[in-house]
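**Q** Sharing a structure below in structure tokens format, with a few things to ask.
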Amino acid sequence: MSSMPPSDQNNNKKVKPEQFREFFRTMNDFFHEKPVKGFLQSIDEFFNSPFPTGAFPVEVQEAEDEYIIIAELPGVKKEQIRLNILPNHVSISVENNEMETKEDINNHFFQKRVSQQRLTRSIPLPININEKMVRASYRDGLLTIRIPQVRGKTINIDD
């Protein structure tokens, strides 16, 4: 007599793919129906926008004779950027206007979608800014603004 238990063919059944076909069809329908599909599309649009958080990263560096402001603006065209210099702060605005039109003459269908997004960051500085001396450049998605520190004349105090 052998010490091995008798083999049971029922324990080694393989799961057939047909058994899960209905489950996968139900899940597929669930993700393509309107409420869920619309929700998933809004998530995709959120992550596809250049600035999903409503702001863009800005770094301010202080050198010996100037302040350097670097703003990361990937995917933004130079024409979309506006700089505004005020007495002691710099304002950077990015405006994005999009218009999408769909038209189907056969079905008498016309759809027009217009979206506008404007983001602004204000960077305060501890100096008064001479706007005539400010220089800005934009290359490879990085906006660099250089603001010289204007120093007054040093006066020696007499005894």
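The values are calculated or read from the model by the stated rules, or taken from the named source; none is laboratory data. All figures in this text were calculated on a predicted structure; none of them were measured in a lab. Positions of Cβ are backbone-derived with ideal geometry, glycine not excepted, and every protein chain shown enters the neighbour counts.
**Q** When you scan region 44-159 for strands (runs of 3 or more DSSP E) that lie fully inside it, which ones turn up with 2 or more residues that are among the β-branched types (Val, Ile, Thr)?
**A** It comes to 58-62, 66-72, 81-86, 89-104, 109-124, 142-148.
**Q** If you check residue 151 against the conditions, is it modelled with pLDDT of 90 or more and not aliphatic (A, V, I, L, M)?
**A** On the way: modelled with pLDDT of 90 or more: no; not aliphatic (A, V, I, L, M): yes.
Judged against the criteria, residue 151 is not a match.
**Q** Can you tell me which residue in region 89-101 is modelled with the lowest pLDDT, limited to those that are farther than 16 Å from residue 117 by Cα and surrounded by 12 or more Cβ atoms within 10 Å (Cβ to Cβ)?
**A** Within region 89-101, the first condition is being farther than 16 Å from residue 117 by Cα, and the residues that meet it are 89-91, 101.
Checking the rest, the ones that are also surrounded by 12 or more Cβ atoms within 10 Å (Cβ to Cβ) come to 89-91.
Working: 89: 91, 90: 94, 91: 94.
Among those residues, the one meeting the criterion is 89.
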